[in-house]
Amino acid sequence: MDKKNKLFLCGITCGPEIEKIKKLIESTKEYVDGFCWAVDDRNGEEIFQYLNSNKKDGKIVMHPFMCAHDWQANQWLYCGALQNGDWVWLFDSSEEPTEKWENEIHQMINEFEEKGIGSLYCSGRPYLFKFYDHQYFHGTPHWGLIGTVGEIKVLPESEKGQWIINKRDDNPAKHYQEHDTKYYLYGRSNQIQAFYAQYSQIHPGIIQYHENVRLQFREYLRQKTGMSPGLAALDKLFSGPLEEFAIGVIDLEFCLSEYYQRTVVGMDFMKDIVPNRYKWSIRQHLKNGDGFSDPSYISTKMKYENLMRIKLGHDKQQ
């Protein structure tokens, strides 16, 4: 690694993540030149002070929470600490590098420099990239880096565990269900693309259809609860009798259905929901107390999966 170029470990975080962040910082501080983080200003003072006291050559910024992950990330990206040619090691609060990657990070960067590799991607996003001042993050909650320079190296999912510790698996209901529902209710959100982009080849209007429904549901939620669209408003809506519009959207969107199953019916995400995913209908639950009672029920996801199999089979015959 060129001595004039530095390595920064960066990301966005919030107050409740402080113990995860402390472990991440302590395990990596001997390998990096500094830390650049954007801290959510909701109950973020303690974690801000901790990061600020450990920033080394980096910089910590406080950012108002506004359901815009890319805007938060751009705050640390342009905090003034990074210079062209520096390297960014990028993690979420629920991730940290393995000991193997900590020990090999500088060797990896040297190899990347020699081969003209400018970034390392896994799961569709960068974990390591060479910084240039034309770059920026775009998209929320699922952001991407615009303007990578050089070859992109992709780490296979099968090898991810060798390099990255994923703490989301410690609480799958929160990270793989609740967060999906929370992101669905954001104002500016690409959660629909994450849910349905793979089905666009069935019909190009699928994403826009679900996005229109999402926006209508947000306004319905605001009107019925008097609250900003979010999990608290959804809890309030779910606490009373549901109108036909709400029932239809819940049956349409699996994230809302699964949130209802968890928070109202009391089903366990990993034990009850995941093994029978996309087979539960709120209509049947409200009708006779058993969301699995109609064996002919076909959820949105299952319908799209069936159409995809038909299309792929047809395409192979052409």
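The values are calculated or read from the model by the stated rules, or taken from the named source; none is laboratory data. Because the structure is predicted, anything quoted here is derived from the model rather than measured. A quick note on method: Cβ atoms are made from the backbone with ideal geometry, for glycine too, and the neighbour counts reach across all protein chains shown.
Based on what the data block shows, is residue 148 farther than 24 Å from residue 24 by Cα, of a type in the set (Ser, Thr, Tyr) and either at pLDDT 95 or above or outside any helix (DSSP H, G or I) (or both)? Judged against the criteria, residue 148 is a match. The set of residues in region 180-205 that are assigned to a loop (DSSP other than H, G, I, E, B) and not polar (S, T, N, Q) comprises 185, 186, 187, 188, 202, 203, 204, 205. Considering the conditions (1) outside any helix (DSSP H, G or I); (2) more than 18 Å from residue 32 (Cβ to Cβ); (3) in contact with a Phe, Trp or Tyr (Cβ under 6 Å, 6 or more places away or on another chain), residue 88 is excluded by exactly one of them, (2).
Scan region 29-37 and give yes if some residue there is crowded, with 20+ Cβ neighbours inside 10 Å, modelled with pLDDT of 95 or more and closer than 23 Å to residue 142 by Cβ, otherwise no. Yes, there is a match, as at least one residue in region 29-37 is crowded, with 20+ Cβ neighbours inside 10 Å, modelled with pLDDT of 95 or more and closer than 23 Å to residue 142 by Cβ. Would you confirm whether any residue within region 110-120 is basic (Lys, Arg), within 26 Å of residue 14 (Cα to Cα) and in a helix (DSSP H, G or I)? No: zero hits.
The number of residues in region 271-318 being assigned to a helix (DSSP H, G or I) and either closer than 21 Å to residue 238 by Cβ or of a type in the set (D, E, K, R) (or both) comes to 20. Per the conditions (1) within 18 Å of the chain's Cα centre (by Cα); (2) surrounded by fewer than 16 Cβ atoms within 10 Å (Cβ to Cβ), the sole criterion not satisfied by residue 158 is (1). Of all residues in region 260-318, which are of a type in the set (Ser, Thr, Tyr) and closer than 23 Å to residue 177 by Cβ? Of everything in region 260-318, those that are of a type in the set (Ser, Thr, Tyr) and closer than 23 Å to residue 177 by Cβ turn out to be 260, 263, 278, 281, 293, 297, 299, 300, 304.
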